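**Q** Have a look at the structure that comes next, please.
The values are calculated or read from the model by the stated rules, or taken from the named source; none is laboratory data. Predicted model, so just to flag it, every value in this text is computed and none were measured. FYI the Cβ positions are ideal-geometry reconstructions off the backbone, even for glycines, and counts take in every protein chain you see.
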Amino acid sequence: MHFLSRLHPSDWPGRLANLLLPGSCALCGDSVDGLLCDPCRTRFLADTRWRCRRCAIALDEPQPVCGRCLADPPAFDASFAAACYAAPVDLLVQRLKFRAQLQLATALAGQMLSSMRSRGPGGFELVLPVPLSAERLAARGFNQALEIARPLARALRLPLRPDICVRVRDTAPQSTLALADRQGNMRGAFAVCERNAVRGRHLLVVDDVMTTGHTLDALAACLKRHGAASVTNAVFARTPLR
């Protein structure tokens, strides 16, 4: 079954508008019924790279786990990424995140779903978006991770639980910090509100971009301390190895 056929009824008005009034591809600008044209999907989003099963970093040769994850295993157990965070794919994230083009969340979730189904099994029980701090949420007006997680959770037919985790510190944006400072920036940033909700569960954590992995590592560590059986990340884009 096609991913869009599984959309919640509340998503159909936007989908119907696209069918009746064709718009422009978010990447190339050509007329298209949806949000992305097939040539752009094939050229920019058909990701066939080898990736580390643990952190989803792109690899030059096939191996199950990258050297970094072998040397210093993160708290999360696996990761899926639909694309590399590079031009022009990065524009999709930026338009969602900074221009509030929320309709792009469904397109990003669709690419993530395809990646997950092609690269590995499921077995997840709950979907959790990476939470924003109260200050960041108030400033932006929405959580882009939650907007992506909504259609993804519906497609996977899994409960979406944005209420389980909270960000208790308004940390500096990771992108503004040196690599050496990013892990410390996230220390103690998250808390679990319902310990029993994650105990013994296999969790799927959703975010838009994974850069160094420190944010997702900190969240996974918090979830593991509260008894989560496993934590898998699903992100739309993964930055290249630096």
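**Q** Cβ-Cβ distance below 7 Å, separation of 6 or more or different chains: which pairs start in the stretch 221-232 with a residue that is buried (at least 18 other Cβ atoms within 10 Å of the Cβ) and end on one that is small (Gly, Ala, Ser) and assigned to a helix (DSSP H, G or I)?
**A** Val231/Ala220
**Q** Within the stretch 25-42, identify whether any single residue is of a type in the set (S, T, N, Q) and within 23 Å of the chain's Cα centre (by Cα), and answer yes or no.
**A** Yes, because at least one residue in the stretch 25-42 is of a type in the set (S, T, N, Q) and within 23 Å of the chain's Cα centre (by Cα).
**Q** Identify, by number, the condition in (1) assigned to a loop (DSSP other than H, G, I, E, B); (2) at pLDDT below 95; (3) under 21 Å from Leu219 (Cβ atoms) that Pro131 doesn't meet.
**A** Of (1) assigned to a loop (DSSP other than H, G, I, E, B); (2) at pLDDT below 95; (3) under 21 Å from Leu219 (Cβ atoms), only one is false for Pro131: (2).
**Q** Could you tell me whether the stretch 139-151 includes any residue that is at pLDDT 95 or above and among the polar types (S, T, N, Q)?
**A** Looking for residues that are at pLDDT 95 or above and among the polar types (S, T, N, Q), one finds at least one in the stretch 139-151, hence yes.
**Q** Where residues in the stretch 205-219 are among the hydrophobic types (A, V, I, L, M, F, W, C) and out of contact with any Asp or Glu (no Cβ under 8 Å at 6 or more places or on another chain), which of them is surrounded by the fewest Cβ atoms within 10 Å (Cβ to Cβ)?
**A** Val209
**Q** Name the residues in the stretch 52-73 that are aliphatic (A, V, I, L, M) and assigned to a loop (DSSP other than H, G, I, E, B), would you?
**A** Result: Ala56, Ile57, Val65.
**Q** Six or more apart or on different chains, Cβ under 8 Å: which pairs go from a residue in the stretch 97-123 that's within 17 Å of Thr42 (Cα to Cα) to one that's in a helix (DSSP H, G or I) and among the small types (Gly, Ala, Ser)? Could you list them?
**A** Matching pairs, first to second residue: Ala109/Ala149; Ala109/Ala155; Gly110/Ala155; Leu113/Ala155.
**Q** Next question. Considering each residue of the stretch 134-146, count those that are assigned to a loop (DSSP other than H, G, I, E, B) and either closer than 17 Å to Phe236 by Cα or without any contact (Cβ under 8 Å) to a residue 40 or more places away in the chain (or both), and give that number.
**A** Residues meeting the conditions: 1.
**Q** Taking only pairs six or more apart or across chains, which ones have beta-carbon atoms under 7 Å, a first residue in the stretch 203-215 that is farther than 13 Å from Leu132 by Cα, and a second residue that is basic (Lys, Arg) and buried (at least 24 other Cβ atoms within 10 Å of the Cβ)?
**A** That search, which allows pairs on different chains as well, returns Met210/Arg238.
**Q** Considering the stretch 187-217 alone, what residues qualify as being within 22 Å of Cys84 (Cα to Cα) and either in a helix (DSSP H, G or I) or touching a Cys at 6+ places or on another chain (Cβ under 6 Å) (or both)?
**A** Across the stretch 187-217, the qualifying residues are Gly213, His214, Thr215, Leu216, Asp217.
**Q** Now for a different question. Looking at (1) closer than 24 Å to Ala229 by Cβ; (2) at pLDDT 95 or above; (3) surrounded by fewer than 18 Cβ atoms within 10 Å (Cβ to Cβ), which is the only condition Phe76 fails?
**A** (3)
**Q** Related question: Report, by residue number, each residue of the stretch 1-51 that is surrounded by 14 or more Cβ atoms within 10 Å (Cβ to Cβ), among the basic types (Lys, Arg), assigned to a helix (DSSP H, G or I) and at pLDDT 80 or above.
**A** Correct list: Arg41 only.
**Q** Same structure again: Say we look at the stretch 95-125 and pick out the residues that are in contact with a strand residue (DSSP E or B) (Cβ under 9 Å, 6 or more places away or on another chain), at pLDDT below 90 and among the polar types (S, T, N, Q); which of these is surrounded by the fewest Cβ atoms within 10 Å (Cβ to Cβ)?
**A** It comes out as Ser114.
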